[in-house]
Amino acid sequence: MGTKAVEILGMDAKVLLDLLNRAYCDEWLAYYQYWIGAKIIKGPMKDAVMAELELHATEELAHALLLTHRIIQLGGTPVTEPKDWYKFTNCGYDAPTDPYVYKILQQNIKGEQCAITTYNKLLEKTRTADPVTYNIVLGILQQEVEHEEDLQALLEDLDLLVAKETK
Ligand code: FE
Ligand code: FE
Ligand code: MG
């Protein structure tokens with residue numbers, strides 16, 4: 001842990017570590033939801049959507065890595081037990097039980113929207129209290145915003161394709 005790094009915090013380290021660990025759990029669940037969704041997906045534009053889901057899975061895992069580094073830096077312990085992901089998550093896990101491309105896109109859009117809300121709140125809390133965490137969270141939020149738009153654009157293309165085919 002970085003002693004001075006903790007000393008300069010303008011907020012309670014425990015509170016901050018709890019928030020970071022919750023986000024960390026979200027990222028692992030988001031990672032798996034994307035990863036397994038990319039494997040089982042079916043329907044029109046499947047290949048394009050699969051490629052995007054796989055890329056997002058990789059990016060969620062990278063978010064988990066950023067969070068774990070910051071948790072350790074602040075003297076915390078990242079959640080080590082996968083069952084606890086469910087306990088601490090903000091956004092939960094939406095199992096892709098229906099492999100239809102529409103359904104999977106909708107589920108992941110919902111997840112991204114929850115991630116955006118969560119990180120936006122974390123930004124508010126760290127803005128002046130912890131600029132280092134603020135900066136990390138801002139980077140993650142920028143990518144979640146991109147994720148939402150990527151998925152919504154795919155859904156739009158899918159709608160156009162289906163509309164054209166049924167003409
Ligand atoms: Fe993420
Ligand atoms: Fe995301
Ligand atoms: Mg993308």
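The values are calculated or read from the model by the stated rules, or taken from the named source; none is laboratory data. Source: prediction; values computed, not measured. Cβ atoms come from the backbone with ideal geometry, glycine included; neighbour counts cover every protein chain shown. Note: areas computed on protein heavy atoms with side chains; ligands, DNA, RNA excluded. Shrake-Rupley method; radii C 1.70, N 1.55, O 1.52, S 1.80 Å.
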Q | Failed condition for LEU154, given (1) out of contact with any helix residue (DSSP H, G or I) (no Cβ under 6 Å at 6 or more places or on another chain); (2) in a helix (DSSP H, G or I); (3) open to solvent by less than 40 Å² (accessible area, probe 1.4 Å); (4) not charged (D, E, K, R) | A | (1)
Q: Tell me which residues, restricted to the range 42-90, are among the aliphatic types (A, V, I, L, M) and out of contact with any Phe, Trp or Tyr (no Cβ under 8 Å at 6 or more places or on another chain).
A: MET45, ALA48, VAL49, MET50, ALA51, LEU55, ALA62, LEU65, LEU66, ILE72, LEU74
Q) If you scan the range 116-133, which residues turn out to be open to solvent by less than 50 Å² (accessible area, probe 1.4 Å) and either in a helix (DSSP H, G or I) or among the β-branched types (Val, Ile, Thr) (or both)? A) ILE116, THR118, TYR119, LEU122, LEU123, THR126, THR133
Q: Count, please, the residues in the range 102-115 that happen to be away from ligand 3 (no atom under 16 Å from the Cβ) and of a type in the set (Val, Ile, Thr).
A: 0
Q) Could you say which residue among GLY43, GLY92 is of a type in the set (Gly, Ala, Ser) and under 11 Å from CYS25 (Cα atoms)? A) GLY92
Q: Look at PRO78 and say whether it is assigned to a loop (DSSP other than H, G, I, E, B) and either open to solvent by 60 Å² or more (accessible area, probe 1.4 Å) or in contact with a Ser or Thr (Cβ under 6 Å, 6 or more places away or on another chain) (or both).
A: yes
(Q) Just to be sure before I move on: is GLY75 at pLDDT below 95 and more than 20 Å from ILE140 (Cβ to Cβ) in the structure I sent? (A) no
**Q.** the range 48-63, residues that are under 11 Å from TYR31 (Cβ atoms), surrounded by 18 or more Cβ atoms within 10 Å (Cβ to Cβ) and in contact with an Asp or Glu (Cβ under 8 Å, 6 or more places away or on another chain)
**A.** HIS56, GLU60, HIS63
Q.
For the range 88-98, which positions are of a type outside the set (Gly, Ala, Ser) and in contact (Cβ under 8 Å) with a residue 24 or more places away in the chain?
A. PHE88, THR89, ASN90, CYS91, TYR93, ASP94, PRO96
**Q.** Residues (more than 16 Å from ligand 3 (Cβ to nearest atom) and not polar (S, T, N, Q)) located in the range 128-151
**A.** ALA129, ASP130, PRO131, VAL132, TYR134, ILE136, VAL137, LEU138
**Q.** Members of the range 10-66 that are away from ligand 3 (no atom under 16 Å from the Cβ) and acidic (Asp, Glu)
**A.** ASP12, ASP18, ASP26
